[in-house]
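Enquirer: Have a look at this one before I ask anything.
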Amino acid sequence: MTRIIADISVSLDGFVTGPDPGPDNGLGTGGEALHTWAFSDDPDDRRILREATARSGAVVLGRRLFDIVDGPHGWDDTTGYGAGEVGRPAFVVVTGSPPESVRTSGLDWTFVTTGLPDAVTAARERAEAASSDRGKDLDVVLMGGGATIGSALDAGLVDVLTLHLAPVVLGSGTPLFAGGAPHTLVRRGVVPTSTATHLTYDISG
């Protein structure tokens, strides 16, 4: 069964970037601290990263995040989702219009211009096809940004919310939760490490 998993790093005060994020400063000022866990040598951090990428059949992201990861200071062969792990999945971008060109052309990009529900549907189809090819269930991962995940939660598109809670207070930046509908969460897992507290919730309402 293909699940829709929202997976994002967040500060103790609820921000997924520091202040002033942009193409040349993707995580904002101080925001690199949110992702320390993804580069750590802690065995639990490594396991969580490895298991997350291994189960990813397709990944959904918003246009702002795409512009950052495809920008001059974005992903390359050694950084980015799935780099150095089992292999990179298909990527589906929610956007008003496709970009004129893509720098990271070695990745599998699909651009959906008809809204987030259609993007999730397209990603589910890609994940189910990958599941058939690999002989195991794979998931759709919503990697962000914060507005994309918030919109997906409000639209009832998310089955599981995974938060990597970094031990940092950023003060300002891009909030993960900026209003929207209330949700009831059921905690399914907590893994504390030296760099983050990894939290997993089922979305029950």
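Enquirer: Can you tell me which residue among 122, 147, 130 is modelled with pLDDT under 95, open to solvent by less than 30 Å² (accessible area, probe 1.4 Å) and not in a loop (DSSP other than H, G, I, E, B)?
Expert: Details: 122 fails: modelled with pLDDT under 95; 147 fails: open to solvent by less than 30 Å² (accessible area, probe 1.4 Å).
Only one candidate passes the filter, namely 130.
Quick grid of which residues meet (1) under 17 Å from the mean Cα position of the chain (by Cα); (2) among the basic types (Lys, Arg); (3) at pLDDT 95 or above:
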site	(1), (2), (3)
7	yes, no, yes
10	yes, no, yes
15	yes, no, yes
45	yes, no, yes
59	yes, no, yes
74	yes, no, no
81	yes, no, no
95	yes, no, yes
106	no, no, no
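Enquirer: Has the stretch 36-44 got any residue that is surrounded by fewer than 21 Cβ atoms within 10 Å (Cβ to Cβ) and closer than 20 Å to residue 148 by Cα? Lay out the reasoning, then the answer.
Expert: At the first step, the residues of the stretch 36-44 found to be surrounded by fewer than 21 Cβ atoms within 10 Å (Cβ to Cβ) are 36, 38-44.
Filter once more, keeping what is closer than 20 Å to residue 148 by Cα: none.
Within the stretch 36-44, none of the residues are surrounded by fewer than 21 Cβ atoms within 10 Å (Cβ to Cβ) and closer than 20 Å to residue 148 by Cα.
Enquirer: Identify all residues within the stretch 39-85 that are among the hydrophobic types (A, V, I, L, M, F, W, C), in contact (Cβ under 8 Å) with a residue 40 or more places away in the chain and more than 18 Å from residue 109 (Cα to Cα); write none if there are none.
Expert: Listed by number, the residues that qualify are 48, 52.
Enquirer: Could you say which residue among 169, 141 is within 23 Å of residue 37 (Cα to Cα) and in a strand (DSSP E or B)?
Expert: Details: 169 fails: in a strand (DSSP E or B).
Result of the check over 169, 141: 141.
Enquirer: Still on this structure: Kindly list the number of the only condition in (1) over 18 Å from residue 81 (Cα atoms); (2) among the polar types (S, T, N, Q); (3) open to solvent by 60 Å² or more (accessible area, probe 1.4 Å); (4) assigned to a loop (DSSP other than H, G, I, E, B) that fails for residue 105.
Expert: Only one criterion is unmet by residue 105, namely (1).
Enquirer: Something else: Name the single residue that is surrounded by the fewest Cβ atoms within 10 Å (Cβ to Cβ) among those in the stretch 176-205 being touching a helix residue (DSSP H, G or I) at 6+ places or on another chain (Cβ under 6 Å) and in a strand (DSSP E or B).
Expert: Looking at the filtered set, the residue picked out is 191.
Enquirer: Report, by residue number, each residue of the stretch 152-172 that is polar (S, T, N, Q) and either surrounded by 18 or more Cβ atoms within 10 Å (Cβ to Cβ) or touching a Cys at 6+ places or on another chain (Cβ under 6 Å) (or both). Before you say what the answer is, go through the steps one by one.
Expert: Keep residues of the stretch 152-172 that are polar (S, T, N, Q), which gives 162, 172.
Within the stretch 152-172, just 162 meets the criteria.
The values are calculated or read from the model by the stated rules, or taken from the named source; none is laboratory data. What you are looking at is a predicted structure, and each value in this text was computed from that prediction instead of being measured. Backbone-built Cβ (ideal geometry, glycine too); neighbour counts: all protein chains shown. Just the protein is used for accessible areas: all its heavy atoms, side chains included, with ligands, DNA and RNA removed. Shrake-Rupley method; radii C 1.70, N 1.55, O 1.52, S 1.80 Å.
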